[in-house]
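Data first, discussion second: the structure below is written as structure tokens.
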Amino acid sequence: MDDVSAQGPRTAARDLPPHGRRSAIDAVRARIATSISLGLLQPGERLPDQADLALGLSVSSMTARRAMASLAEEGIVVRRRGRDGGTFVAAEPPAAALERLSLGATDAALVHELVDQRLLAECAVTHFAAVRATSDELGALEALTRRMASATDWSEYHQADDEFHRSVAAASHLGAAVDVHAAILAELYGHFVPYPIEALHRANEDHIALVHALRKRDVTGAVAIAHAHVDSLHSTMFMELARRT
């Protein structure tokens, strides 16, 4: 559940429209609305500032700004000025607007297909990272787990999470396969919705265990951790949507 790394430009600059023909702006609106509908973002909760919001959702700053302006017009978020200002989830977001904007069963089905694709790619790069990762690469991965452990919101966490998984792939030294992994990761991250930081910190325990296995050159253990970590997305992403299908 997920920032520019040494492996290339961040996905934020790509601004992919992941939801079929839905525009990038509408996709952001849908992801925020879904998170509110599922109770992952709470009424009155402050959202990250525009730059961090864009990085946390892997979109451009302009897309994030336009999407939040649109949500404000619909009363789903409110903007306040001043020292304690910012963008907040409305105290009573309009239920009809949330229902209209939230992701549906078609989105959930596509996400589960992407999770399966990522599962294959993640296990492959993890296998070879356990064999080929350098001491410097392992040290960088450990530093990223500490960043995630100290993250105070979902955007900050996602930025480190994105870099972590790309860095594991880079440590595999698999050449073109790293690019395949990056493309799948970017598309899947285009569907992620904000999660409470407590849940993300629990997910980071997998990252810590993975780095430990990589340091031990434990191929079987590392792949098992990566498999379980990615496979859990089947039950944690869009959980309410899954119950509706």
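Residues checked against (1) over 24 Å from Arg202 (Cα atoms); (2) of a type in the set (D, E, K, R); (3) modelled with pLDDT under 95; (4) outside the structural domain of Glu198 (by TED's automatic domain parsing):
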| position | (1), (2), (3), (4) |
| --- | --- |
| Gly39 | no, no, yes, yes |
| Leu53 | no, no, yes, yes |
| Val77 | yes, no, no, yes |
| Thr87 | yes, no, yes, yes |
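In the set Ala242, Ala199, Ala186, which member is surrounded by fewer than 22 Cβ atoms within 10 Å (Cβ to Cβ), in a helix (DSSP H, G or I), touching a Leu at 6+ places or on another chain (Cβ under 7 Å) and modelled with pLDDT under 95?
Result: Ala186 is the single residue among Ala242, Ala199, Ala186 that is surrounded by fewer than 22 Cβ atoms within 10 Å (Cβ to Cβ), in a helix (DSSP H, G or I), touching a Leu at 6+ places or on another chain (Cβ under 7 Å) and modelled with pLDDT under 95.
Condition first: farther than 27 Å from Asp162 by Cβ and touching a helix residue (DSSP H, G or I) at 6+ places or on another chain (Cβ under 6 Å). Now tell me which residues in the range 48-78 satisfy that.
Result: Glu74, single match.
Could you tell me whether Leu120 is of a type outside the set (Val, Ile, Thr), assigned to a helix (DSSP H, G or I) and modelled with pLDDT under 95?
no
Scan the range 95-118 for residues that are of a type in the set (A, V, I, L, M) and closer than 26 Å to Ala72 by Cα and jot them down.
Ala95, Ala96, Ala97, Leu98, Leu101, Leu103, Ala105, Ala108
Condition check ((1) in a loop (DSSP other than H, G, I, E, B); (2) among the hydrophobic types (A, V, I, L, M, F, W, C); (3) modelled with pLDDT under 95; (4) assigned by TED's automatic domain parsing to the domain that holds Leu188) across all residues:
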| site | (1), (2), (3), (4) |
| --- | --- |
| Asp84 | yes, no, yes, no |
| Val131 | no, yes, no, yes |
| Leu138 | no, yes, no, yes |
| Glu142 | no, no, no, yes |
| Thr145 | no, no, no, yes |
| Tyr157 | no, no, no, yes |
| Asp161 | no, no, no, yes |
| Ala171 | no, yes, no, yes |
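Quick one: which residue in Arg22, Arg66 is modelled with pLDDT of 90 or more and not in a strand (DSSP E or B)?
Unique residue meeting the criteria: Arg66.
Considering each of Ser155, Ser102, Ser70, Ser61 in turn, give the residue that is in contact with a Pro (Cβ under 7 Å, 6 or more places away or on another chain) and either among the small types (Gly, Ala, Ser) or surrounded by fewer than 23 Cβ atoms within 10 Å (Cβ to Cβ) (or both).
Ser155
The values are calculated or read from the model by the stated rules, or taken from the named source; none is laboratory data. Here the structure is a predicted model, which is why all the values come from computation and not from measurement. Cβ sites come from the backbone with ideal geometry, for glycine too, and all protein chains shown count toward neighbours.
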